Amino acid sequence: MTIRSTFNSLFAILGMALLLSLTINFYQGVLHYLEADRLVASNVARVHLARATTLLADERTNTFLRLLGGSSSPSDRDTAVLAIDAEFNAASEVLSNIGDTATNDLIQGVSRTLQAERASVDHTLATSSIVTAGNAAPDAYRAYGDIVERTIKLRLLLLARDQPSDPPVAISFQLPRSAN
């Protein structure tokens, strides 16, 4: 064995070790990127759900007052309904983009429940007397409260499930989580 063949063997071994090291680092980088991308999507979905929760609380109050005989402009109500539906759709779209069909189905279920409650309230207002509508107000308030609670639980589900495993990634997501 000559010195040249020894050096060639040594360089080949070092080259293979370097390639292996680069491959492992690249793979870990891709995993960190995918995890960060998933966490960003989860944060965006939680922001949409937080906005929907706030708007739902306002709609709950306005619906309660409408059932008790208060007046509200239909344009304001339609604007609020569109805003809430847009927030649910945006959260659902974000989660479907990352492949989270289970949570997406839960959001769709909350949205369907909300639409059914809206239809029930509209039917009550259209067909009932003022006294009957006023008697239905506490039930509608509780139904909207349940929808708000389900939306909050969805936010908490996303928060609990999407805990970053890497310490630097965890720190970068801890600040927005604390702010929210």
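The values are calculated or read from the model by the stated rules, or taken from the named source; none is laboratory data. Quick caveat, the model's predicted, so the values are computed rather than measured. Neighbour counts run over all protein chains shown; Cβ positions are idealised from the backbone, glycine included. The accessibility values were calculated without ligands, DNA or RNA, using every heavy atom of the protein model including side chains. Shrake-Rupley method; radii C 1.70, N 1.55, O 1.52, S 1.80 Å.
Could you tell me how many of the residues in the range 1-36 are over 30 Å from SER92 (Cα atoms) and open to solvent by 50 Å² or more (accessible area, probe 1.4 Å)?
Residues flagged as over 30 Å from SER92 (Cα atoms) and open to solvent by 50 Å² or more (accessible area, probe 1.4 Å) within the range 1-36 amount to 24.
What about LEU39, is it at pLDDT 85 or above and surrounded by 13 or more Cβ atoms within 10 Å (Cβ to Cβ)?
Considered against the rule, which asks whether it is at pLDDT 85 or above and surrounded by 13 or more Cβ atoms within 10 Å (Cβ to Cβ), LEU39 comes out as no.
All but one of (1) modelled with pLDDT of 85 or more; (2) surrounded by 14 or more Cβ atoms within 10 Å (Cβ to Cβ) hold for ARG177; state the number of the condition that does not hold.
(1)
From the list ASN43, ASN89, ASN62, which residue is assigned to a helix (DSSP H, G or I) and in contact with a His (Cβ under 9 Å, 6 or more places away or on another chain)?
Only one candidate passes the filter, namely ASN89.
Just a yes or no: is a residue in the range 23-35 more than 21 Å from GLN115 (Cα to Cα) and of a type in the set (Asp, Glu)?
yes
Sort through ILE13, ILE84 and tell me the only one that's free of Cβ contacts under 8 Å to residues at least 60 places away in the same chain and within 20 Å of SER111 (Cα to Cα).
Sole residue among the options that is free of Cβ contacts under 8 Å to residues at least 60 places away in the same chain and within 20 Å of SER111 (Cα to Cα): ILE84.
Can you go through SER165, SER128 and tell me which one is polar (S, T, N, Q), surrounded by 13 or more Cβ atoms within 10 Å (Cβ to Cβ) and at pLDDT below 85?
Just one listed residue meets the conditions, SER128.
Sort out which residues of the range 16-50 are free of Cβ contacts under 8 Å to residues at least 12 places away in the same chain and closer than 30 Å to VAL110 by Cβ, and write them in order of number.
LEU34, VAL40
Can you give me the number of residues within the range 89-114 that are closer than 14 Å to THR151 by Cα and of a type outside the set (A, V, I, L, M)?
Count: 10.
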